[in-house]
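Accompanying notes for the structure given below.
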Amino acid sequence: MTLTFALADIPSDESASLSMESIELRAYQPEDAKAFRELNEAWIKKYFGLEEHDREILGDPDSWVIRPGGHIFLAFLEGQAIGCCALIPMEPGVFEVAKMAVDEQYRGRGVGRKVLAYTIERARELGASVLYLETNRKLANAIHLYESLGFQHLPPKESPYVRANVFMELRLGTTADLRG
């Protein structure tokens, strides 16, 4: 399913506004592997350093995300990938929201919010009951975004990532709960 948002719909101030082109949000296709890897490597290297689990997922998203029943969604502006987010299955009805990235030149302009909202809606359509994520307190803007979309903080737990020190989840209601 492809969903297009007009950039005019993205909340931003005038200094951060993008052109009037539209952002296309769509599901991952095999030819998107390079963009998915590059978008994620850029922010991970800037703030932390690639870890083994990053290398595994980013080096082979088909094996680590898609084949086990997960999904990757990307945002495109004028044909260029500018954002992404993955849903990695953890157990029936539970997905990890992972590898969310926005190209640095488009951060702070609502692209991340659009990608995450799209990912949450796709998870609901897939019948997910819980979305889980791990992040780092250094990424305050990301944490604020997660909180603003309903994610709640969890106690710390074991993680494959050394950098993970913030744990959150979003409990999704049933369709009937969402309507009313």
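Within the stretch 86-139, which residues are in a loop (DSSP other than H, G, I, E, B), touching a Gly at 6+ places or on another chain (Cβ under 9 Å) and within 18 Å of residue 152 (Cα to Cα)?
Listed by number, the residues that qualify are 93, 128, 129.
Which condition number does residue 156 fail, the rest of (1) open to solvent by less than 50 Å² (accessible area, probe 1.4 Å); (2) under 21 Å from residue 53 (Cα atoms); (3) touching a Phe, Trp or Tyr at 6+ places or on another chain (Cβ under 8 Å) being met?
(1) is the only condition that residue 156 fails.
Name the residue, out of 169, 125, 91, 134, that is more than 19 Å from residue 40 (Cα to Cα) and either of a type in the set (Ser, Thr, Tyr) or within 14 Å of the chain's Cα centre (by Cα) (or both).
Sole residue among the options that is more than 19 Å from residue 40 (Cα to Cα) and either of a type in the set (Ser, Thr, Tyr) or within 14 Å of the chain's Cα centre (by Cα) (or both): 169.
Conditions (1) at pLDDT 95 or above; (2) touching a Leu at 6+ places or on another chain (Cβ under 6 Å); (3) surrounded by 14 or more Cβ atoms within 10 Å (Cβ to Cβ), marked per residue:
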position: 40; (1), (2), (3): yes, yes, yes
position: 50; (1), (2), (3): yes, no, no
position: 64; (1), (2), (3): yes, no, yes
position: 95; (1), (2), (3): yes, yes, yes
position: 99; (1), (2), (3): yes, no, yes
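Give me the pairs: first residue in the stretch 163-180 and under 13 Å from residue 127 (Cβ atoms), second residue open to solvent by 30 Å² or more (accessible area, probe 1.4 Å) and at pLDDT 95 or above, beta-carbon distance under 6 Å, and six or more apart or on different chains, which are they?
172/124; 172/129
The values are calculated or read from the model by the stated rules, or taken from the named source; none is laboratory data. Here the structure is a predicted model, which is why all the values come from computation and not from measurement. Cβ coordinates were reconstructed from backbone atoms using ideal geometry, including for glycine residues, and neighbour counts include every protein chain displayed. Just the protein is used for accessible areas: all its heavy atoms, side chains included, with ligands, DNA and RNA removed. Shrake-Rupley method; radii C 1.70, N 1.55, O 1.52, S 1.80 Å.
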